[in-house]
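K.L.:
Handing you this structure, nothing more for now.
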Amino acid sequence: MSGFDFQNRTRVVFGEGAIAGLGELARELGFARTLLVADRGMAAAGYVERAAQLLQAAGVAAVPFHEFGENPDTRMVENGRAFAADHRVDSIVALGGGSSLDAAKGINFLLTQGGAMQDYRGFGNATRPMLPGIGIPTTAGTGSEAQSYAIISDARTHEKMACGDPKAAFRVAILDPELTLSQPERVTAMSGYDAVSHAVESYVTTRRNPLSAMYAREAWRLLAPNYERVLANPADRAARAAMLLGAHLAGTAIELSMLGAAHACANPLTARFGTTHAVAASLMLPHVIRWNGEVVGSLYADLLPAQASDGDAAGALARHVERLALAAGLPRDLQSLGIPAAAFAELAQDASSQMTGRFNPRPFDAAAARYLYARAYACK
């Protein structure tokens, strides 16, 4: 068995209506004046006002910050730092999808440590204490509330940087399925597939260990059957709850074991062509599964034991995740997105430098990435 060193730094409060405890949890952590990081969609939906009222009822002043986009970049995070510094906050609440959660963690780095976001690329580069935070996901996707990493794009190069430190982890994650009921259909589709890809990839990495396997396997058990359920019936509360908890457990698995080649190939598509991250992951995941099959086919068989009886566990799993993408109406191949084959060499070079590729179970380099892009180019 592989060894591991894991400390669960985040208290998890799960259940319908769990958001009602926000004020009390903030008071327990000693919040007095908190930065409330949420995108404008959260404000328009009334969630920001509700969170602010819960905080204020507990004696905590809330200072909302909305100036960031879908993929928070270094410029947005610096603007958040300046805003937070002007308002002298002592804590952070992040409310929304992965972008809100990542932006909040990025702001925390710069506000408490100084410097630029690039200084914290990698892991463990924060030398001073960071502000306590509460993460409240409203999508079942990234699992960022379970992780000590912030994924921030370089505003100049558009490259995604993973910036992590144990101190960046949220002290509390509030998982309230009711908050996911108002997601637009496309957000449900994309965020849900992102969570599925996390469960699959984190289950087979080179850093896989008994604890990460437990989280990833349970995440898959919750996500795989409920993804199509929630697409078919967005009001299905049981399916919504399973997806939210599954996404969180997949995020915890990432914290323990990282990701692999599908995400290494997906990130350059977002950086160079603006492809939505979940779409990019959905295009690459089945091809990476097939490619990894000769190395970890027996592990893939754990996820779909009933369908792997013919000895082709990787093929069965690849077809299964392709079917999930089809059910969600996600694009089938790179060609349909207008991404030219002529770009594969540069994309592959970028993919080979991605941190997640180092943890893929089959050795991954630029040649492997180019092969995978070619496989994803035109699918029948």
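Listed here are the residues, each with its yes/no results for (1) assigned to a helix (DSSP H, G or I); (2) touching a residue at least 60 places away in the same chain (Cβ under 8 Å); (3) open to solvent by 10 Å² or more (accessible area, probe 1.4 Å).
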site	(1), (2), (3)
191	yes, yes, yes
206	no, yes, yes
211	yes, yes, yes
218	yes, no, yes
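K.L.:
Test residue 185 against the criterion of being open to solvent by 10 Å² or more (accessible area, probe 1.4 Å), more than 30 Å from residue 362 (Cβ to Cβ), in contact with a helix residue (DSSP H, G or I) (Cβ under 9 Å, 6 or more places away or on another chain) and at pLDDT below 95, and give yes or no. First the steps, then the outcome.
P.N.:
Details: open to solvent by 10 Å² or more (accessible area, probe 1.4 Å): yes; more than 30 Å from residue 362 (Cβ to Cβ): yes; in contact with a helix residue (DSSP H, G or I) (Cβ under 9 Å, 6 or more places away or on another chain): yes; at pLDDT below 95: yes.
In short, yes.
K.L.:
If you don't mind, another one. Kindly list the number of the only condition in (1) surrounded by fewer than 22 Cβ atoms within 10 Å (Cβ to Cβ); (2) in contact with a helix residue (DSSP H, G or I) (Cβ under 9 Å, 6 or more places away or on another chain); (3) under 23 Å from residue 266 (Cα atoms) that fails for residue 247.
P.N.:
(1)
K.L.:
Pull up region 18-68, narrow it to residues that are assigned to a loop (DSSP other than H, G, I, E, B) and free of Cβ contacts under 8 Å to residues at least 40 places away in the same chain, then point me to the one that is surrounded by the most Cβ atoms within 10 Å (Cβ to Cβ).
P.N.:
In the first step, residues of region 18-68 are kept if they are assigned to a loop (DSSP other than H, G, I, E, B); the result is 29-32, 39, 45-46, 58-60, 66-68.
When the remaining residues are screened for being free of Cβ contacts under 8 Å to residues at least 40 places away in the same chain, the result is 46, 58-60, 66-68.
On the way: 46: 10, 58: 16, 59: 11, 60: 23, 66: 19, 67: 14, 68: 25.
Checking each candidate, the answer is 68.
K.L.:
Here is a further query. Does residue 85 count as touching a residue at least 12 places away in the same chain (Cβ under 8 Å), touching a helix residue (DSSP H, G or I) at 6+ places or on another chain (Cβ under 9 Å), closer than 26 Å to residue 280 by Cβ and among the aliphatic types (A, V, I, L, M)?
P.N.:
Working: touching a residue at least 12 places away in the same chain (Cβ under 8 Å): yes; touching a helix residue (DSSP H, G or I) at 6+ places or on another chain (Cβ under 9 Å): yes; closer than 26 Å to residue 280 by Cβ: no; among the aliphatic types (A, V, I, L, M): yes.
Against the criterion (touching a residue at least 12 places away in the same chain (Cβ under 8 Å), touching a helix residue (DSSP H, G or I) at 6+ places or on another chain (Cβ under 9 Å), closer than 26 Å to residue 280 by Cβ and among the aliphatic types (A, V, I, L, M)), residue 85 does not qualify.
K.L.:
Cβ-Cβ distance below 8 Å, separation of 6 or more or different chains: which pairs start in region 260-279 with a residue that is free of Cβ contacts under 8 Å to residues at least 60 places away in the same chain and end on one that is open to solvent by 20 Å² or more (accessible area, probe 1.4 Å)?
P.N.:
Cβ pairs passing all conditions: 266/277.
K.L.:
Right, here's the next one. Keeping to region 224-238, report how many residues are surrounded by 23 or more Cβ atoms within 10 Å (Cβ to Cβ) and either hydroxyl-bearing (Ser, Thr, Tyr) or touching a Pro at 6+ places or on another chain (Cβ under 9 Å) (or both).
P.N.:
Qualifying residue count for the region: 1.
The values are calculated or read from the model by the stated rules, or taken from the named source; none is laboratory data. Note that this is a predicted model, so its numbers are computed, not measured. FYI the Cβ positions are ideal-geometry reconstructions off the backbone, even for glycines, and counts take in every protein chain you see. To get the accessible areas, we keep the full protein, side chains included, count just its heavy atoms, and leave off ligands, DNA and RNA. Shrake-Rupley method; radii C 1.70, N 1.55, O 1.52, S 1.80 Å.
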